[in-house]
Amino acid sequence: MNAPLAATLLRGSLSGNRWRSLLAVACIALGVALAGAVNTLHASALDEIDRAARLLAGAADYQVKGPRNGFTDEAFAAVAMHPAVAVASPVVELEAPVPGKAEALRVMGIDPFRAARLQPGFIADGAAARGGETPALLDVNAAWLTPVAMARLGVKPGDGFALGGPAGEVVLKVAGALPALDEGGPLAVMDIAAVQYLFGRVGTIHRIDLRLRDDAPREAALRGIAAALPPGVAIVKPDEAAMRTAGLTQAYRVNLTALALMALFTGGFLVFSTLALQAARRRQEFALLRALGLTAGGLRAFLALEGALLGAGGAAAGTALGLAASRAMLERFGYDLGAGFFSGTGNTFAPDAASLAAIGLLGVATAAAAALAVTRPLARLDVAQALKDRHLDLPSPPGGWALPLALAAGALAAAFVPPAGEIPVGGYLSIGLALAAAVMAVGPASRLLLDRVPASDAPLRTLARAQVKSLPGHLSAMVSGIVVSVALTAAMAIMVHSFRVSLDGWLSGVLEADLFARAAPQGDAVVFSPEAQARMAAVPGVDRIDPIRFERLTPEGATGLLTIIARPVDARLLRGFQADPPAPPPRGSGPPAAWVSEASVDLFGWRAGQEIVLPLAGRRAAFRVAGVFRDYSRTWGAVLVDLADYRALTGDPLANDIAIHLARDAEAKTVEAALGRVVAQVPGAELHDASYIHARALAIFDRTFAATYALEAVAILIALAGVTSSFAALAWSRRREFGVLRHLGLTRREVTRLLALEGAAAGIIGAVLGLASGFAVSVVLVHVVNRQSFHWGMAIHMPWLGVAVLLAAVIALCALGASLAGRAAVAREAVEAVKDDA
Amino acid sequence: MRRAALLLALLAVALAARASDFAPVLPGLKLAFPRDFGAHPEHRIEWWYATGHLETPRGPMGFQVTFFRLRNKAADPNPSRFAPTQLLFAHAALADPSHGKLRHDQRIARAFPGLAEARTGDTDVFIDDWSFRRDDGRYRARIAGEAFSLDLVLAPTQPLLPQGEGGYSRKGPLPSQASGYYSEPHLAVTGVVKVDGQPLEAKGSAWLDHEWSSEILADNAVGWDWVGANLEGGGALMAFRLRDKAGATVWASATLRRDGRTRVFTKDEVRFAPRRTWRSPRTGATWPVEMGLEIAGEPWVATPMMDDQEMDARSSTGTLYWEGAVTVAGPGGAKGRGYLELTGYSERLRF
């Protein structure tokens, strides 16, 4: 086929189906936009983290890093004196709350003499050494701020400002600006000794930036330095920071990407049904082309090109939409739509061209694949027959159960395929196969269902039943569209609902105390000292307090980070955490007990009874795994240990949070007020009751999934619009049949009702099959995809009301769409319609 | 009395406190060794300052190795291991005529156990892999710079030279305006100089100053002139004066070792009389680069090896000074090689 002819044909076919084509494009665009936006948000966040890390690391080629709460600064001399080390720069790092604002400022304590050899930007344009100015380089209260930090705090050089510290507010003075570090985000740089002193971190550092000698053998140097480090402290490359963050957000991305794939899949089906109907309508046209010498292959290529064009349109629009949306979301909510993983400046916008191109191509490929599926039967087109015949239909779907059952078996088997790396490929494969099985089951299932409908005397019902039961190809394509969109929507709804109900129940168990005090809702500079803890315990009406201490570290023999939760552990707490077994073991002479989260089981391969070694406070501490607990807040893994064991091992008496149990007869309001006054002495600390925290956690959950809900609604609306337009096209092509029915004495109303009945029947079949396969998909999502990417277990909970509304809406809209389409088709006179065929 | 000029920015930090906060150097000071080879941490400032000449396969070279210690009392309340209670500064330079340019490098650090310290008891001062230590009666200087490195042994060939009254070197009208000060002239140097990745065997001679003080400048002094030289035949000459704004001498002193005998000259016996000035085309400052001296009526003269030995460190430490190699000539054909230092000719040194 030559190009001008192809162009003419394409123009004709696309403009003749403008609305359906647009819908198909919109659906592809939606999928591409969503996937593109998620990818861009994530790429931007990682880019910002990466650039900030590089900027602050300067010429450092390695970093020594330890647990989140730091490690002993005695390790510094050993590292700095290693013969392979050219420059070693110690860093104390914390996030200090800004009084009166719900935010924290990152504070870096450095040794300017050493840091400046790696990153000259740490020294404020030589101001410290200028004649006439008071040299503040080593002043204990001097802080140098990046311009973005000064803007956030509303201060300028020379101004005083305050930050929250563990012993009250720390009053500082802006000694100068650090414009060279502005891309590192809001940041205050101080002398390392001053930060240790003012923020209660004497003896602790968090990082050592290193530059190795060019002539030192790397491997030996790294081994040598690592050997000089205390347990739990490791030497890494600076760019591994971004990779670790990537690990933290994996689960979140998987969720949104699954959603994007769902939109793409639905879009593919719309493309299929659009092109299928067109192909059917244009059988004569195609037959003519064949008669004129076009080969079957040429015809298929032409249709595939048409599909690819629709896909390309969708991909282009979707990419543009995705970029615009991610840009807007970045400005409005930050990198993660407010989920709280990142705390950057949000001014890095770094779309990844390669990923966006891949996503766009996926959109094009989906549409082209759908088109190719349409063209298969065309190869068998009987040219002579088709030239004469204006009868419209696609080949009927296969009628047997063999294929759908085989696909379903494949779906079941795929669910047990282990994940590849961190990606649950088996789960996704299983979902794809389950959907395919549902689509292939449309034919046999509709026959099965309609056989159960008793034959009726009413001619309309009989007609409708016969029409649907014989299930011509076009109806089958339409029902398949309904099945897929209902299945995916129902699956997402069931999964999100299951998660929400499980989270709700877990929160009720975990928040077993009456009140909770948090030392640092923002940042980590503030902790509860033993004195503050004692003051809380001494408030009249308080039965007991459970101090909670967090630490983040890398367990021995592993690479990933996990969170240590140290708090008093008893049977009640374990039940709240849904631990298995739900009771602490008897105290023996062996290592202390630890409970590991489901994520730890998946990521570190730990089992009950096993001994694990955690580097606590620079020492190897052995624990015996007593059981597994559920943790819906940390996908990277957590270990629960008894506070008494933790304190005995570390000597660390501080607390990040306090769970407060009131005496049974206490006057809650009075006690809460008294506690509030005690907590208020710690800057930035907050006191809340359990129900407030519970409600807030659920609100955050709902906000995170708000995007999911909105996109689901859009996807199903587009799918239903596609179904309605399919009916319209179908009704148009059945004018002759309607004319005959009118001649036989049916009124227009009755013809319209006939179509409504057909539509409802198709809707019911599609909805029932869709719900069944959607349930299967949700089981895979909950037990395979979620388990492998979020690493936590939950039970299936059906959102009955939502599902019922969904099904009712689908059936009603199918009936409505069909009758509207029918009304338009029978508007013309019956005589004319019959003549039309002559 | 030597090149503290480099340090003024840090000095200003350390000297934010009053002089009376530090242990004063007082008349009657008795040097005691090896104790006084080591650091004097309760005094405000201290330095070990070696300068010398080397013969290498590439020809003659000049070198300078300096370690400063500064006490910062403001950091005393801070219990942190990183608290900058003592600051250390090291500077090294290598003058290599075949290279045409002065190579130099420096290190600054706060004292940190094991990493940067000025230890008491004997000479042992170091910042990372830069060190100056006394061991078995000899000094060893190890400098690992970016463009060059030095590993030199400096061995005494004669008794050390206490300055002033047995090591008590008066700097102004008040008795507390003084330093503890001794020199080691005619140190025999052997070792290795590494330039462009190439190790060179080196031999030569050097001069070492070790000085500590809490109050180094009188209130009305704006700068100083200092000269120190190894004389042929084992003699040594050191002379300094502090000037006021008008250029008049606030305080002066000289020490001359000749024929094995050492004599100290007081303020009234020492006169500085510039013989020729040089105006820097870069900074516009005028330096008395050829300095005439009259010590107890005898004329001496220090002649620069070259005029342009101005050090402009205003962008880094905020100071401008002249420091360079000179030849010294004196009565009876006395000849020697040494260093001349001129400070405070562009503005008052900020103390």
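Bear in mind that the values in this text are calculations on the coordinates, not laboratory data. This structure is a prediction, so every number in the text was calculated from the model and none was measured. Cβ sites come from the backbone with ideal geometry, for glycine too, and all protein chains shown count toward neighbours.
One table, with the values for the structure above:
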| read-out | value |
| --- | --- |
| Extension gain (nm, one decimal) between A:Ala216 and A:Glu531, 0.36 nm per residue minus Cα-Cα | 108.5 nm |
| Dipole of the stretch B:217-351 [Lys/Arg +1, Asp/Glu -1 at C-beta], most positive-end residue of B:Ser253, B:Gly330, B:Gly235 | B:Ser253 |
| Chain lengthening between A:Ala812 and A:Ala713 when straightened (0.36 nm per residue, less Cα-Cα) | 34.0 nm |
| Choice from B:Ala229, B:Ala116, B:Ala296 with maximal GNM fluctuation in chain B (Cα, 10 Å cutoff) | B:Ala296 |
| Length gained when the stretch A:Glu285-A:Ala699 is fully extended (0.36 nm per residue, less Cα-Cα span) | 143.4 nm |
| Inter-chain shielding of B:70-82 (mean C-beta neighbours from other protein chains, 10 Å cut-off) | 5 |
| Size of electric dipole in the protein assembly as shown: Cβ of Lys, Arg +1 and of Asp, Glu -1, about Cα centre, debye, nearest 20 | 3040 debye |
| Ascending count of other beta-carbon atoms within 10 Å, so fewest first, for B:Ile45, A:Ile28 | B:Ile45, A:Ile28 |
| Euclidean distance between Cα centres, the stretch A:517-575 to the stretch A:153-210, Å | 25 Å |
| Hydrodynamic radius (Kirkwood) for the protein assembly as shown, which is based on Cα pairs only, to one decimal in Å | 36.5 Å |
| Computed E for A:Leu361/A:His743 - FRET, C-beta separation, R0 45 angstrom, nearest 0.05 | 0.30 |
| At q = 0.15, 0.19, 0.23 Å⁻¹, base-10 log of I(q)/I(0) for the stretch A:599-713 (Debye sum, equal scatterers on each alpha carbon) | -1.02, -1.15, -1.26 |
| GNM flexibility winner over chain B from B:Pro331, B:Pro199, B:Pro84 (Cα, springs under 10 Å) | B:Pro331 |
| Charge dipole of the protein assembly as shown about the Cα centre (unit charges at C-beta), most positive-ward option of A:Trp401, B:Leu160, A:Ala78 | A:Trp401 |
| Helical contribution to [θ] at 222 nm, DSSP H n ≥ 4, -39,500 (n - 2.57), averaged over chain B, rounded to 500 | -500 deg cm²/dmol |
| Residue exposure sequence - A:Lys173, A:Lys156, B:Lys171 - by fewest surrounding Cβ within 10 Å | A:Lys156, A:Lys173, B:Lys171 |
| When the stretch A:520-684 is reduced to its Cα atoms, the Kirkwood hydrodynamic radius in Å | 16.9 Å |
| Too-long pairs where the Cα-Cα distance tops 27 Å, listed order kept, from B:Lys101/B:Lys267; A:Lys173/B:Lys73; A:Lys65/A:Lys101; B:Lys73/B:Lys171 | B:Lys101/B:Lys267; A:Lys65/A:Lys101 |
| When the convex hull of its Cα atoms is projected in every direction, mean area for the stretch B:251-304 (nm²) | 4.7 nm² |
| Inter-chain Cβ neighbour average for residues A:76-88, partner chain, 10 Å | 3 |
| Rg followed by Dmax, in Å, when the stretch B:108-187 is reduced to its Cα trace | 15.5, 44 |
| Share antiparallel - DSSP beta bridges, the stretch A:61-237, percent rounded to 5 | 75 percent |
| Packing-based order for A:303-313, A:185-195, A:50-60, using average beta carbon neighbours within 10 Å, highest first | A:185-195, A:303-313, A:50-60 |
| Pair A:Glu667, A:Arg223: separation of 7 Å Cα→Cβ label points (nm) | 7.1 nm |
| Part-to-part distance (alpha-carbon centres) for the stretch A:46-87 and the stretch B:190-233, which is given in Å | 37 Å |
| Label zone at B:Val192, where the point sits 7 Å out along the Cα-to-Cβ direction: the stretch A:208-239 residues whose backbone N lies under 19 Å | A:213-217 |
| Relative exposure of B:Asp225, A:Asp570, judged by other C-beta atoms within 10 Å (fewest first) | A:Asp570, B:Asp225 |
| The stretch A:61-237: C-alpha gyration tensor shape, a/c 1.5 cut-off, then a/b vs b/c | prolate |
| Unit charges on C-beta of K, R, D, E only; dipole of the stretch B:228-314, Debye | 220 debye |
| Size of charge dipole - the stretch B:1-216 - debye, nearest 20, with Cβ of Lys, Arg +1 and Asp, Glu -1, no other charges | 340 debye |
| Candidates B:Asp136, B:Asp105, B:Asp122: whichever shows maximal mean-square fluctuation once chain B is modelled as a Gaussian network with Cα springs under 10 Å | B:Asp136 |
| Rounded to whole Å, sorted largest first: equivalent-ellipsoid semi-axes of the stretch B:239-351, Cα gyration tensor | 26, 17, 12 |
